[in-house]
Structures are given as structure tokens and as C-alpha cells.
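The values are calculated or read from the model by the stated rules, or taken from the named source; none is laboratory data. Nothing here was measured: the structure is a model prediction, and the numbers come from that model. Ideal geometry is used to build each Cβ from the backbone, glycine not excepted, and the neighbour counts take in all protein chains shown. Side chains are part of the model used for accessible areas, which takes the heavy atoms of the whole protein and leaves out ligands, DNA and RNA. Shrake-Rupley method; radii C 1.70, N 1.55, O 1.52, S 1.80 Å.
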Amino acid sequence: MLFATFLATLIATAAAAKDKRTFAVLRHYGKGPLTTCRADPIVSPGTASSHLHTVMGASGFGLNSTGQDLANSKCTTAKPKADKSAYWFPTLFFKDPKDGHLEQVNFFYMNVYYFFEATNDDIKTFPLGLQMFSGNAGLRTPPSGGGRQNLDPSKGPVQPAQITCPRGNFNPPSWPANSDGTMAGMGDPNNQGSGVGFPFQDCDGYASPMRMDLHFPSCYNPAAGLTDYKNNMAFPSSAGNGKVDCPKGWIHVPHLFYEVYWDTHKLLPRYQHLLGKESPFVWANGDTTGYSIHGDFISGWDEKALQQIIDSNCDAGHAGLHSCPGLMGGVNDDSEDCTIECPIQETVGGNLAKLPGNNPLTGWKYGAGSGGGGGSNPPPATSTEAPAPPPPAVETPKPNPDPTPNPVEGKKTTTVWETETVWATTTVFGGKGPKPTPKPSPSQDSDAVGDFKYAGCYRDSEARVLSGEIRPNLGRISNTVCVKYCASKGFSAAGTEYGGQCYCGDSLSKVEKIADSECSMTCEGAGGEKCGGGWALSLYTKTGTVKAKRSVRSHAHAHYRRSGSHGHGHHFH
């Protein structure tokens, strides 16, 4: 009797869970992407793809990757070890208005939302090797639905892609008012922070640059098969009462949503004169409109592990998919990296005269062109991708004025993006981030906090120059809060950064003192104090002097996110 009652309770709970959408965010770890490469095993298997992609996920990614190849990977950038899937999307470039050269925009980081939709269907795991594509790589004209997002096919053409532009205020608007999309993007009438096409303003939200948003369909047609990416997936339709269902005979799988941030704000001094007139950004396929947002996915999940997450009704939200109760396979070590070499040998970094793959610039003032390749889903469409030209001879790359540090040779690599989310009114992202415009700041040389003395403003790096303890969760940060915490843990140095991050240690791995004006961001927890800046530490030590150490310690990036009214919402209409 007791068992029957218990079983009935479980069944009732499972049924009730279908009435509410739940979600958990897949976090990545490490210093950056798995690779940046002209490879696309879905659209261009076995050969160089037409354009460059930024890739996250499992180390088995390559020109001909299958689900089994991914499952056999030695490492993955995903936090849950059981997820050896591959996630990729076009790389973003900046066209320098001064001389016309092209350079990669620094990749900030990626989140993958796993939505478990309210439905009358049973949600099932991705089958191993399932290939999915979303967006339209050949699109250079405005979507028929305008700037709105639409994920319900019963309400018109599906529009799964947008750009979000977090800003301190939206006057003037990010997309020109009354634009019809033919020469400029269009804002979402329901959300002034989002739209279609590249915005004509700087995305200057607090430490939050331009974001690519892309939803994937969640209905799998087994009759089409795992690899027919043009026909095997569709978005579910409304079933009433807030539920969405798949067509009969189709399988309802998790709904993926890519959030990809690019460090566009750092480039503002080089294109400020273009604000309100045009955008200097271009996708790797040559698209200057931004309309051709697209992304790919191959599932390498341990099917039992993902099904366990689904069946447990995990609603971990921004705490991360790796926090789901009963997670199978464990969580990857934050001290490691996972990166691979691209099998296509060509120069893709530094200052380039042409995009990798020789894709011409298209869209708006450049003309519609033929696009830079890729499929379209939905609706199914013939790929516009022409055979990729052979890779050019390897050249010595021109120096990049702000290169991303490369992984140390010989270092064990398994790449880490750990994110912790705190809901408030602004967004703060650790790790890579846009450099705020320096503001004059009075010298803090005479400042002291408790027994610690101000030692100056010092340059930070991706390897974290002060790494005894990285960004402890202390709430609203001030110099006093940070120093007090570090001292309580026995450290002799404390540093604040980005207005809201704390670092502890005893010595710096690299000593580079910079002007106090670089440490000009107001502390979240104390309006009269300055807590560092972009890649700049306000440093306090017991002696007021700085110690240096020889070795650099591995670390994980953590992202503290505060979402509010600045265009950070995750749109799901």
C-alpha cells in the first residue's frame, strides 16, 4: 500500500512537471573556444567549410565528426563530463574603417540553455549523433517577420535568431527607428534591447557586449534520420495552456538556445564615428547585415545521463546543468583546458586582407551577393555553399594589437567556463570582458583598508596574476569586503576588478603597474571607492609593496551575471 502510494505520487509529480517549463544552463570552462576553424562536419563533411567557425564542446570535433567520434573524445569544454557534444557558429570579424583590414572580434563566452518545455509529449534525450542546424547562413535580406522573434510555426514564419545589444540606455535606439531592414537592421518592437541585423550603436551594457541569440527546434523526426539536418527537425506548435507539442510520430527533445557574446565594446574608439550610420561587424561568411546568424549541433551526450537529467525534472537554471541532482559522469576540473588544433592550415588571426575562405562582403551597401555558405532550417533550403577553395599557404600572421594569449605548450588541456548567476539589475561577466573607457581617477596611494595598504593599479591577464582564490562569492564587492575576506583566509594581497570582483593571493605572477586611471570603476558595494577596471586590479597588500612569483597557476573563469532592464532577457515568446 505504501509503495503504491509512493508510486502514485511519483507519477503525479512527473505529470505535473510537464505543465511548467524548466531549464538549466550548460556552462563551459577554460580560456576560450575548443578551436576556431573552417570545419563543419554537418554542412561540409570531409572538406574545408566555406567560412570560419568558433567551436565549443568535445575534442573529437573535426571534418568528418560523428556522434561516436565525439563520444570517444578525450576532453570537452562542457562542465558535465557526460556531454561530449559539439556546438559551433560563425566567427565574428571587425572591418577596420581606417584601412579596411579584417580581424577577429574577441570571443567572450557562450552559454547553452537547455529548456525542457511544458508539453503533453514525453521529452527524450538526443540520440547519439543527432545533427541539428538552425538559422539561415545565406540570408542577406530582412526576415519576413521583421525584428520580432517567433518560435511558433502556427503564428507565421519561424524567426529563431536575434542580436541582443545591452546598453545603459536606448536613446538613440540600437537599430534605426522605422527601418525596413533593407539598409539597416530592425529592432524588436517587444524588446528594445534586441533585434535583427547588426545594431548601429555600441553595446555598452556594464561589462556586457553584443550577443548572438539562436534557438534550435526541439522536435526530431526519426523518419528523416540523424544526419538529414534540413528535414529532421522542426519547432513544436502551441497545444494550448502554455504547452507546445511535436507532430505525431516525432520525438520531443530538449530545446537548445545559444547565447554567444563578443567583445565588441573594446573596439569602440576605432569606429565611434560610424555610430548611427553603419556597423563595422561582419560574420565570417561575409555577411555585413548580421541577418545570417546560424549554428550547428551534433549530440555526443551519454544518452542515459541526459535522460536522467530530463527525468529528474532538473530546474537548476543559471546554477548550471552540472548542478542537476544525480548528475551522471561527474563535472570537469576547472583547472584544465580543452583545445584542439584546426585541421585546416591557414592564417585566421591577426590583420587579414580577406576573410578565411575568401568570402566577399555582402549585404546592405555591398549588395545581396550569394552568401558565404551554409544550410537553412527552417524552412528547408538548398545550401548556398560552394566548394571551399583550397587553404592558402601558411603565412606569418601580422601582429594583432590585442592578441588572445595562446595555451602553454605541453599543458594538459580539458577548456573551462564556469558561470555563477546572481539576479540583480546589471550584468557582470568575469574572464574576458570589454574594457571600459578609462575615466580620470584620483590617486589612491594614500588609501589603506584595515592592515592592508594600497599598492597601486596592476594589469591583469587571462591567466589571472593574483590567483590564490579567484572571485569568491561575497555579494556586493568593495575594497573593504575583499581585503577583509582575503585577510581572513591568510592571504597577504587582495585585488578588486571590474567594480565587482575580488581576488586573493600572496604574489603576482606578472607585475605590470599601470596608471591609477585604469582602475576607475566604482565599487558595487561602496559608491565612493574604485574597484579596478577592465583587466586592471586595484591591489592592496600588507606591506604596500608587490611580490612577484615565477610560475603561472591554472584557473577557471567565472561569470557573474546580473540581468535586468538592459536587454539581457532570454526571449522566449
Checklist entry - For the range 534-573, which residues satisfy the criterion of being of a type outside the set (Ser, Thr, Tyr), modelled with pLDDT of 50 or more and either touching a strand residue (DSSP E or B) at 6+ places or on another chain (Cβ under 7 Å) or open to solvent by 20 Å² or more (accessible area, probe 1.4 Å) (or both)? => result Trp535, Ala536, Leu537, Leu539, Lys542, Gly544, Val546, Lys547, Ala548, Lys549
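Scan the range 249-260 and tell me whether some residue there is open to solvent by 10 Å² or more (accessible area, probe 1.4 Å) and under 14 Å from Gly135 (Cβ atoms). Before you say what the answer is, go through the steps one by one.
Filtering the range 249-260 for residues open to solvent by 10 Å² or more (accessible area, probe 1.4 Å) gives 249-251.
Subset that is under 14 Å from Gly135 (Cβ atoms): none.
The answer is no, given that none of the residues of the range 249-260 is open to solvent by 10 Å² or more (accessible area, probe 1.4 Å) and under 14 Å from Gly135 (Cβ atoms).
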Next on the checklist: I'm checking my understanding of the structure. Among residues of the range 189-202 that are at pLDDT 95 or above and buried (at least 24 other Cβ atoms within 10 Å of the Cβ), which one is nearest to Trp175 (Cα to Cα)?
Outcome noted: Pro199
Next on the checklist: Where the second residue is modelled with pLDDT of 95 or more and outside any loop (DSSP other than H, G, I, E, B) and the first is within 16 Å of Ser44 (Cβ to Cβ) and among the β-branched types (Val, Ile, Thr) and lies in the range 57-81, which pairs have Cβ atoms under 9 Å and are six or more apart or on separate chains?
Outcome noted: Thr66/Ile298
Next on the checklist: Restricting to the range 266-300, name every residue that is of a type in the set (Val, Ile, Thr) and open to solvent by less than 10 Å² (accessible area, probe 1.4 Å).
Outcome noted: Val282, Thr289, Ile293, Ile298
Next on the checklist: Taking the criterion of being at pLDDT below 85, in a loop (DSSP other than H, G, I, E, B) and surrounded by 15 or more Cβ atoms within 10 Å (Cβ to Cβ), would at least one residue in the range 443-460 satisfy it?
Outcome noted: yes
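Could you name every one of the strands (runs of 3 or more DSSP E) located completely within the range 175-274 that has at least 1 residues being small (Gly, Ala, Ser)? Write out each step before concluding.
Working: elements: 186-188, 191-196, 211-215, 237-240, 243-245, 255-262.
Passing ranges, in order: 186-188, 191-196, 237-240.
Considering each residue of the range 144-182, count those that are open to solvent by 20 Å² or more (accessible area, probe 1.4 Å), out of contact with any Phe, Trp or Tyr (no Cβ under 7 Å at 6 or more places or on another chain) and of a type outside the set (Ser, Thr, Tyr), and give that number.
Pass one, the range 144-182, residues open to solvent by 20 Å² or more (accessible area, probe 1.4 Å): 144-145, 148, 150, 153-159, 168-173, 176-180, 182.
So of that shortlist, the ones also out of contact with any Phe, Trp or Tyr (no Cβ under 7 Å at 6 or more places or on another chain) come out as 144-145, 148, 150, 154-157, 159, 168-173, 177-180, 182.
If we keep only those that are of a type outside the set (Ser, Thr, Tyr) as well, we get 145, 148, 150, 155-157, 159, 168-173, 177-178, 180.
Total satisfying the criteria: 16.
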Item to check | Single residue of Lys74, Lys20 found to be more than 24 Å from Asn232 (Cβ to Cβ), at pLDDT below 95 and surrounded by fewer than 24 Cβ atoms within 10 Å (Cβ to Cβ) | outcome: Lys20
Next on the checklist: With the requirement that a residue be crowded, with 23+ Cβ neighbours inside 10 Å and either assigned to a strand (DSSP E or B) or modelled with pLDDT of 90 or more (or both), what does the range 510-530 give you?
Outcome noted: Lys530
